[in-house]
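Shown next, in structure tokens, is the structure this report addresses.
Derivation of every value follows stated rules applied to the coordinates shown; laboratory data play no part. All figures in this text were calculated on a predicted structure; none of them were measured in a lab. Cβ: placed from backbone, ideal geometry, glycine included. Neighbour counts: every protein chain shown.
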């Protein structure tokens, strides 16, 4: 049996841009992606702390060190610049693997920079 468990979490990231006319996804600073153990095109869940919206999309690498967190396409309707979000990814594993697995958690600081 496989279960789905937390793999990565970026806690309290600030939306810096929203681009309704883009194809769709979350563009995120490459440095933050690496720190959170996220890869380009990986499926993520986005939780908007400001309005309670929840959505699923995929990751696109943004400029390293820029602090960018841009909701693209339809996702741009789910949050506004300045909203605080949580980005989560999950992994499938056996219960035995899950008992010893340690998720990657990061807590960005001001302007979405790593502390």
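Couple of notes before you dig in:
- Near-label residues of region 15-36 by backbone N, under 19 Å of a point 7 Å along Cα→Cβ of residue 56: 24-27
- Fraction of beta bridges assigned by DSSP in the chain that are antiparallel (%, nearest 5): 70 percent
- Sorting 100, 81 by the number of Cβ atoms found within 10 Å of their own Cβ, with the fewest placed first, yields 100, 81.
- Relative contact order for the chain: 45 percent, from Cα pairs under 8 Å spaced at least 6 residues apart, divided by residue count.
- Full extension of the chain between residue 35 and residue 64 gives 9.3 nm of extra length, using 0.36 nm per residue less the Cα-Cα distance.
- The stretch between residue 99 and residue 19, if pulled fully straight at 0.36 nm per residue, gains 24.9 nm over its current Cα-Cα span.
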